[in-house]
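The structure appears right after this line, and notes come after that.
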Amino acid sequence: MSERPTEPAFIALGSNIEPEYHLPEATRHLHSLGRMQAVSLAYQSKPIGDRKQSDFLNAALLLSVSEDPELLRALLREIEASLGRVRTEDKYASRTIDLDLVLLGDRVDPKLHLPDPDILTREHMAIPLAELDANFCHPTTHEALGTIANRLRSDSLRANQDVSRQLSLILSEGEQADSPR
């Protein structure tokens, strides 16, 4: 029996309930899903809509995975639940962690929202994704992620250096654990 080939999985992370804890903790959990390739900076962003809630911290992670998208989504939901995420009817509600599979190689699957349509309209998603691989082409528009990010870029995002440093350290630890001895 042959092993399934791996493909790049771009995961968007977001939190506005104790994000300084939940983003690094989610990143540690994500290591179990595949080989960590890259992690973006963590950016502070305003909640979508006119909402009276805390700002979000958003980041993105690139994993090399072999799971099919349905299983990968289920595993992301398990990680969310383990970190206290409660899903409600309000898709913009405050949350401990949000983990979204936004790109999986060049797959296009409208049922699974692959690629995630928000990549083309939301700065807080496009910029972290471009940091992972600026030359990766969006599967439907065929634009490089860097091009999309530059089109959406404004001055509204601010990098959170402390959380960004933590995410980078977790990536480094993962690389050391993955390297042969």
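Quick note: the coordinates plus some simple rules give every number you see, no bench work behind them. Since we're looking at a predicted model, the values are computed, not measured. Cβ placement follows ideal geometry from the backbone for every residue including glycine, while neighbour counts extend to all protein chains displayed.
At a glance:
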| item | result |
| --- | --- |
| Residue of HIS31, HIS22, HIS142 that the Gaussian network model of the chain assigns the largest fluctuation, springs spanning Cα pairs under 10 Å | HIS142 |
| Magnitude of the charge dipole, the chain, Cβ model with Lys/Arg +1 and Asp/Glu -1, debye to 20 | 260 debye |
| Where only C-alpha atoms are counted, convex hull volume of the chain per residue in Å³ | 129 Å³ |
| Reachable aspartates and glutamates, given that their alpha-carbon falls under 20 Å from the alpha-carbon of LYS52 and they are not under 8 places away in the same chain | GLU18, GLU20, GLU89, ASP90, ASP98 |
| Sequence ranges 132-139, 89-96, 5-12, ranked by mean other-Cβ count within 10 angstrom, highest first | 5-12, 132-139, 89-96 |
| Ellipticity estimate at 222 nm from DSSP helix runs (n ≥ 4, -39,500 (n - 2.57)) divided over the chain, nearest 500 | -10500 deg cm²/dmol |
| Chain lengthening between THR88 and LEU71 when straightened (0.36 nm per residue, less Cα-Cα) | 4.0 nm |
| Along principal axes, Cα extents of region 81-181, largest first, whole Å | 41, 35, 32 |
| Net charge of neighbours whose Cβ lies under 14 Å from the Cβ of PRO69, counting Lys and Arg as +1 and Asp and Glu as -1 | -3 |
| Selected from LEU75, LEU13, LEU167 as most flexible by GNM, with the chain as the system and alpha-carbon contacts under 10 Å | LEU75 |
